[in-house]
Amino acid sequence: MALFDLSLEELHAYRSASVAPEDFDAFWSKTLTEAREHDLDARFEPVDTGLTTVEVFDVTFAGYGGHPVKGWLKVPAGAQGPLPLVVEFIGYGGGRGLPHENLLWASTGRAHFVMDTRGQGSAWGGGGGTADPVGGAPSYPGFMTRGIDAPENYYYRRVFTDAVRAVEAARSHPLTDASRTVALGSSQGGGITIAVGGLVPDLVAIAPDVPFLCDFPRAAVLTDRHPYREIGLFLKTHRGRTEDALRTLSYFDGVHFACRGTAPALFSAALEDQTCPPSTVFAAFNAWAHADKAIEVYDFNDHEGGGPYQEAAKLRWLRSYA
């Protein structure tokens, strides 16, 4: 499909109709306070990967509910530290993969922490190893409607909490410089990045690419591509539940985290993206609260976005921050 959403001029002016719940901040404060009642228990086990330019640590830390969450920490071989820290979140269905799959950020002289996404890691890449031990009410297969009956039960409450704890775990390693921490990711990873940007007040920068999990009221009716389509298919069966579902989703909408963003940000969007439509990306970008923000736009691309060109843009951009 060619251009199907708003024009570029309209995108820059677009504002989401999503309304934040009155207790949004209280909900997240309570959630994170409860998570921090569990010892972070961050463990870093050296791994012999055969790689000579980076050192790799197999990481386990306590996420939401104290549940064990996996990750990789990769640092340049022989690094003395403290190193600027890049914390990366993964796209929908993927996991932390294998240690050699992503060496870009460690190759720049930074520490690179990759968080596994609970319950995922079975759709592409090298897989994942973090279970989601929490059950839930009936949902459409996938993750978008798990626990959608109430914000307290929703799947992404656990994932976003894991992500905040992942930043804390990565910062606890002696080779990392907590004062120079960047969060980034693509698609679902971009949506998680925006949430972390709204929940962690002292990041130096964030870089969400073609982010998912933004502007739910529009996304759910604009595209019929998964994963957003999971919401519509759930409501197709559970008639009359739309208002309740959107209320739950409002606690996890990237637009509302963006309004609380306190770090410089580099977004990206693709104008033919049917998975994360450009208007939903611009909804979060336009709401991002920090004045130092920019967005790269790829006019003839779908959900692959800028690909290696966007990686190059981030490499240039991050020199000023970390």
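Laid out as a table, the results:
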quantity	calculated
Extended-chain gain in nm, criterion 0.36 nm per residue less alpha-carbon gap, residue 291 and residue 38	87.6 nm
Theoretical FRET efficiency, 1/(1+(r/R0)^6), r = Cβ-Cβ of residue 12 and residue 104, R0 41 Å, to 0.05	0.85
At most 13 other Cβ within 10 Å, DSSP loop - trypsin sites (Lys or Arg not before Pro), the range 286-322	319
The chain - percent of accessible surface contributed by carbon and sulfur, probe 1.4 Å	52 percent
Selection from 308, 44, 214 lying farthest towards where the dipole of the chain points positive, charges on Cβ	44
Probe 1.4 Å, protein heavy atoms only - accessible area per residue of the chain in square angstrom	40 Å²
Derived scalar couplings ³J(HN,Hα) [the range 81-89; Karplus, 6.51 cos²θ - 1.76 cosθ + 1.60; whole Hz; x for Gly, Pro]	x, x, 10, x, 10, 10, 9, 10, 10
Solvent-accessible area of residue 317 with every protein chain in place, 1.4 Å probe, in Å² to the nearest 10	40 Å²
Cα pair count fraction exceeding 22 Å, expressed as % - the range 109-230	38 percent
Of (i) 22.0, 85; (ii) 19.8, 65; (iii) 18.5, 59, the label for Rg and Dmax of the Cα atoms in Å derived from the coordinates	(iii)
Charged-residue dipole, Cβ positions (Lys, Arg, Asp, Glu), the chain about Cα centre, Debye nearest 20	200 debye
Alpha-carbon centroid distance for the pair the range 130-196 / the range 258-322, whole angstrom	20 Å
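The values are calculated or read from the model by the stated rules, or taken from the named source; none is laboratory data. Please read all numbers here as calculations on a predicted model, not as lab measurements. Glycine also receives a Cβ, built like all others from the backbone with ideal geometry; neighbour counts cover every protein chain displayed. SASA here: full protein model, heavy atoms, side chains in, ligands and nucleic acids out. Shrake-Rupley method; radii C 1.70, N 1.55, O 1.52, S 1.80 Å.
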